[in-house]
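The values are calculated or read from the model by the stated rules, or taken from the named source; none is laboratory data. Small disclaimer: the values here were computed from a predicted structure and weren't measured. Don't worry about glycine lacking a Cβ; one is built from the backbone with ideal geometry, like all the others, and counts go over all protein chains shown.
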């Protein structure tokens with residue numbers, strides 16, 4: 001049974017249950033997303049507020065194409081979402097669980 005199916009039925013995975021292939025893939029892709037310093041910087045920035053590609057690029061001193069590429073990766077994993085305002089697209093984080101994990105990991109790193 002997939003994680004989404006479990007959520008839809010209000011179930012949480014028990015510690016003794018085996019993870020199905022879909023769940024394993026999603027978890028590994030999420031950690032892959034969080035293993036890249038540029039994606040971490042983007043997600044951390046989007047924790048604070050929504051931003052356009054150009055705002056992110058300017059703030060992080062990255063090329064617009066780099067930011068767009070990373071946002072596409074994060075969007076495909078549903079870690080960021082976007083909204084259109086005229087010709088500008090604004091991005092924000094889309095998964096509070098992942099943001100919590102990111103914040104906990106940052107706090108862990110700062111603690112040592």
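Annotations
- Flag if residue 72 is farther than 26 Å from residue 22 by Cα and over 9 Å from the mean Cα position of the chain (by Cα): no
- Of everything in the stretch 26-39 that is within 16 Å of residue 92 (Cα to Cα) and at pLDDT 95 or above, the residue that is surrounded by the fewest Cβ atoms within 10 Å (Cβ to Cβ) is 38.
- Members of the stretch 80-101 found to be assigned to a helix (DSSP H, G or I), within 10 Å of residue 47 (Cα to Cα) and in contact with a helix residue (DSSP H, G or I) (Cβ under 7 Å, 6 or more places away or on another chain), listed by number: 99
- Enumeration of residues in the stretch 40-55 that are in a helix (DSSP H, G or I) and either touching a helix residue (DSSP H, G or I) at 6+ places or on another chain (Cβ under 8 Å) or at pLDDT 95 or above (or both): 40, 41, 42, 43, 44, 45, 46, 47, 53, 54, 55
- Any hit, the stretch 56-72, residues being outside any helix (DSSP H, G or I), surrounded by 12 or more Cβ atoms within 10 Å (Cβ to Cβ) and at pLDDT below 95: no
- Within the stretch 72-92, the set of residues being in contact with a strand residue (DSSP E or B) (Cβ under 8 Å, 6 or more places away or on another chain) and closer than 20 Å to residue 28 by Cβ comprises 74, 75, 79, 80.
- Residue tally, condition surrounded by 15 or more Cβ atoms within 10 Å (Cβ to Cβ) and in contact (Cβ under 8 Å) with a residue 24 or more places away in the chain, over the stretch 76-88: 3
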